[in-house]
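Everything below concerns the one structure shown next.
The values are calculated or read from the model by the stated rules, or taken from the named source; none is laboratory data. These figures come from a predicted structure and were not determined experimentally. Because the Cβ atoms are built from the backbone with ideal geometry, glycine has one as well, and the counts that use them run over all protein chains shown. All accessible areas refer to the heavy atoms of the entire protein, side chains included, with ligands and DNA or RNA removed. Shrake-Rupley method; radii C 1.70, N 1.55, O 1.52, S 1.80 Å.
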Amino acid sequence: MAFKNKILVTGGLGYIGSHTVISLIENGYDPIIVDNMCNSKIEALNRIEKISGVRPNTYIADVRDEEKMEQIFKENKIDAVIHFAGLKAVGESVQKPKLYYDNNIGSTEVLLKKMKEHGVKNIVFSSSATVYGNPKKVPIVESDPIGEVTNPYADTKVQIEYILQALAKQDPSLGIAILRYFNPIGAHPSGLIGEDPRGIPNNLMPYVTQVAVGKLPELNVFGNDYPTRDGTCIRDYIHVCDLARGHVLTLKKLEQGPGLVIYNLGTSVGTTVLELVNAFMKANNITIPYKIAPRRAGDIPECYANCDKAYKEIGFKTQYNIVDCCRDSWNWQKKNPNGLN
Ligand code: NAD
Ligand code: UFG
């Protein structure tokens with residue numbers, strides 16, 4: 001049965017959340033947002049409205065705030081939750097593990113409690129390829145082992161997956177989807193929303209676009225002595241709009257009935273750091289100065305998905321390639337050199 005009521009989107013003003021809110025609106029859903037703005041700006045909401053013509057009902061609140069969450073569930077009839085809210089910086093999680101456990105696991109616990117109290121049965125959870133740790137083989141399939149991870153951020157994702165899997169066993173009336181994202185990049189083709197990291201970016205694509213726009217002098221390529229075709233690490237870069245659409249397809253799957261599903265959301269294509277930098281330069285006709293720097297601690301040589309399961313079960317197939325990603329990332333950055341202000 002199709003969801004007729006609202007979809008609660010936690011972290012809906014963030015990078016993936018804002019793109020997913022657009023996809024939800026385009027597909028006839030009624031998203032409502034809860035976000036504490038610890039890593040987002042209210043301008044994201046204005047941009048969502050500009051793109052979609054709809055200004056979703058938005059609560060500026062922490063998902064760990066039980067009273068506020070009670071109010072949200074009382075005021076809105078909710079069919080399903082998409083749970084993006086969380087902290088995601090691997091390095092910071094090593095420095096401040098408690099913050100990560102409190103925020104990521106604490107918010108999930110409150111959310112699940114309120115869902116139970118209000119009879120909301122369906123949840124889509126933002127997990128990550130990081131749960132696979134250093135994979136023994138690529139491409140990675142969903143049945144590959146998870147849990148051997150090396151930082152608190154990844155561990156929060158593993159723990160939440162375990163909680164959700166236990167709940168699914170205990171209560172077969174629940175609809176639970178765990179989505180393991182690979183490396184989201186790109187931006188909405190309008191250039192109105194995109195990734196807006198605070199401070200110096202940790203991730204490759206925002207670093208590249210900030211070099212392109214002149215905010216940073218050059219890219220450090222972390223290591224060129226990995227056992228890969230050009231010595232740099234391989235990742236599976238997926239356009240954020242493809243990822244957003246994956247959430248709509250997942251909701252449609254949950255509409256068919258309860259159960260637990262786990263999907264890799266990637267492109268099934270591995271790209272090296274240097275291939276991505278070269279694709280960016282070619283797509284946008286810009287030179288990115290770079291130098292080879294030492295390896296970054298904790299990086300794994302190769303990580304890319306086998307996405308056959310998501311294709312077979314929900315029809316998930318990417319529409320954007322790496323060139324589209326590079327074009328849209330740059331379009332976003334050059335139109336918003338200082339991000340969302
Ligand atoms: P993001 O930081 O842009 O979005 C997360 C949003 O959640 C932010 O707007 C933030 O303000 C909000 N938030 C955080 N804690 C909150 C809380 N306790 N209560 C209310 N709001 C809160 O990150 P993103 O890239 O959009 O990632 C979304 C989700 O996907 C995260 O759970 C992340 O771990 C996961 N993920 C991201 C990536 C990636 O590379 N971007 C990869 C795999 C998984
Ligand atoms: N890299 C550089 N220079 C930079 C930044 C990154 O060479 O300035 C390299 C990294 O060494 C790595 C590749 O680019 O080889 C990708 O790095 P990212 O930081 O963009 O992405 P990761 O694969 O390390 O991690 C990301 C998210 C994690 C998530 C993981 C899997 O940051 O939170 O994808 O989903 F868990």
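Taking the stretch 311-341 as the range and being assigned to a helix (DSSP H, G or I) and in contact with a helix residue (DSSP H, G or I) (Cβ under 7 Å, 6 or more places away or on another chain) as the test, the residues that pass are Glu313, Ile314, Ile322, Val323, Cys326, Arg327, Ser329, Trp330, Gln333. Number of residues in the stretch 112-126 that are over 16 Å from Ala168 (Cα atoms) and either in contact (Cβ under 8 Å) with a residue 60 or more places away in the chain or within 16 Å of ligand 2 (Cβ to nearest atom) (or both) equals 1.
Summed over the stretch 266-282, the residues that are within 16 Å of ligand 1 (Cβ to nearest atom), polar (S, T, N, Q) and in a loop (DSSP other than H, G, I, E, B) give a count of 1.
Restricted to strands (runs of 3 or more DSSP E) entirely inside the stretch 175-237, those with at least 1 residues that are of a type outside the set (Gly, Ala, Ser) and either surrounded by fewer than 18 Cβ atoms within 10 Å (Cβ to Cβ) or away from ligand 2 (no atom under 13 Å from the Cβ) (or both) are 175-181, 219-222.
Taken over the stretch 67-94, the criterion of being part of a helix (DSSP H, G or I), over 22 Å from the mean Cα position of the chain (by Cα) and surrounded by fewer than 20 Cβ atoms within 10 Å (Cβ to Cβ) is satisfied by Glu67, Lys68, Glu70, Gln71, Phe73, Lys74, Glu75. Residues in the stretch 12-55 that are surrounded by fewer than 21 Cβ atoms within 10 Å (Cβ to Cβ), assigned to a loop (DSSP other than H, G, I, E, B) and of a type outside the set (A, V, I, L, M): Asn27, Gly28, Asn36, Cys38, Asn39, Lys41, Gly53, Arg55.
With respect to the conditions (1) among the hydrophobic types (A, V, I, L, M, F, W, C); (2) open to solvent by 10 Å² or more (accessible area, probe 1.4 Å); (3) touching a strand residue (DSSP E or B) at 6+ places or on another chain (Cβ under 6 Å), Leu249 falls short on a single one, namely (3). The number of residues in the stretch 127-146 being more than 16 Å from ligand 1 (Cβ to nearest atom) and surrounded by 13 or more Cβ atoms within 10 Å (Cβ to Cβ) comes to 5.
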